[in-house]
1. Restricting to region 336-389, and then to whatever is of a type in the set (A, V, I, L, M, F, W, C) and open to solvent by 60 Å² or more (accessible area, probe 1.4 Å), can you tell me which residue is farthest from Ala268 (Cα to Cα)?
2. Would you check if Ala42 is over 22 Å from Gly126 (Cα atoms), open to solvent by less than 50 Å² (accessible area, probe 1.4 Å), free of Cβ contacts under 8 Å to residues at least 60 places away in the same chain and of a type in the set (A, V, I, L, M)?
3. Suppose the filter is among the β-branched types (Val, Ile, Thr) and modelled with pLDDT of 95 or more; does Val347 pass it?
4. Would you mention how many residues in region 176-189 are surrounded by fewer than 17 Cβ atoms within 10 Å (Cβ to Cβ) and either within 16 Å of the chain's Cα centre (by Cα) or closer than 19 Å to Ala92 by Cα (or both)?
5. Could you check how many residues of region 71-85 are farther than 21 Å from Val9 by Cα and modelled with pLDDT of 65 or more?
6. Suppose we filter region 323-346 for residues that are within 16 Å of Lys386 (Cβ to Cβ) and touching a helix residue (DSSP H, G or I) at 6+ places or on another chain (Cβ under 8 Å); how many remain?
7. In region 210-221, what count of residues is obtained for those that are of a type in the set (D, E, K, R) and touching a residue at least 24 places away in the same chain (Cβ under 8 Å)?
8. Please tell me if Arg105 is surrounded by fewer than 16 Cβ atoms within 10 Å (Cβ to Cβ) and free of Cβ contacts under 8 Å to residues at least 60 places away in the same chain.
Amino acid sequence: MTATLADPVSEVVAAAQKLLTRRTGAPVTLIDPVDLGGSGQAVVLRVRVSENPFQLPRTLVLKQVRDVPGDSERHGDLADSNGSSAFLREAASYQFANALATDSRPGPELHAYDLDARLLVLSDLGDASPITTLLRNSDEAAVTNSLMAMAQALGRMHAATVGREDDFAALLRRVGQPDSTDGISAQIPDALAEVPGLLTEFLGIDATPNDILDRVSRSGRLFAHGAFRAFSPSDLCPDNIIVNDEGVRFLDYEWGGFRDATLDITYALASFPGCLCSFELSHDRQQEMIDAWRAEVVGIWPALSDDTTLAGKILDARLIWVWLSTYWFLPDDHTRIAAARAHHLSVPRSQALTSRWSALADSADRAGERGIAEYAAAVVTALRAKWQR
């Protein structure tokens, strides 16, 4: 369906034409804009290149971050009010990804950018299937294939970016974003401090034992000091994952940065804790995903060949994700909850939080971590009592 030019669409197209004309040195005309449904402050369009003197692709995707008074970031009010912090991080992330080999590049190619206009011109990934659609497939083998492909794509990205954190930091400085802390990492201190009180206030949970708090604090360090650091787009919600002829691709890099790679594979195992998406995974299927990811990275991180070491890292990552998810969604923040419910695999927060704590309890029990297992089970009981499940 072709959209009719109208503000702000026409403004985004005009800005992109000006950028590409300046970059190529010849007039570039973009036509037939189609709104791809950008969220929050972003306008995302697919356009056709009418005049193409320098062999630009036939179609491109334009993304511009615009001022929306009163709007806030999906994971909290972390950037300034006009969204420039998230945009600058995304621009640096796409520049970084451009330097990777094509089969390791996590998403679209960056063709041009304008920092002042907060505009990105990206390759069009074409006819792609959202992974949300593939995960709803009634064919269990097809679902397994999709999950394995996602795990392998994460592993390839991680393997290709190990040891390049200084390069990424240089790109951040170049775009005027010297702070290396991404939006999710910045919330760890508040989450560590506030979740015990939330569990008491909303669920009547007694004071959280110190050994649990110490373990959560240790898990939180995976964002800043993990042993297996690699690049991540960070916002790995299923709505940001697509599959095309080239494989699995990840979209939206506003929170892109380096962190312990076990956080990425565990993000899927923990049922996408940054939103209210839910996809139940059996223990066997989780292990298959872990093994598929490990096969791509074990050559650079031999320590992960040890099952006990890997299981401990996965449990730590799951613990901090469940903790963060509780921080985001247990309070009655109806604006945040409504935004999260807009995702394609979303469920009521009662279901999402209960299933995440339940899976944590099961994972801890299998790893022989009785303290975490018992504490998580107590939270599950309290959640079910709260929502009468």
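1. Among those that are of a type in the set (A, V, I, L, M, F, W, C) and open to solvent by 60 Å² or more (accessible area, probe 1.4 Å), it is Ala385.
2. When the stated conditions are applied, Ala42 does not pass them.
3. no
4. Total meeting the criteria: 6.
5. 1
6. The qualifying residues number 6.
7. Looking only at that region, the number is 3.
8. No; evaluated as a whole, the condition is false for this residue.
The values are calculated or read from the model by the stated rules, or taken from the named source; none is laboratory data. It should be emphasised that the depicted structure is a prediction, and the values quoted were computed from it without experimental measurement. Note that each Cβ is placed from the backbone with ideal geometry, even for glycine, and that neighbours are counted across all protein chains shown. All accessible areas refer to the heavy atoms of the entire protein, side chains included, with ligands and DNA or RNA removed. Shrake-Rupley method; radii C 1.70, N 1.55, O 1.52, S 1.80 Å.
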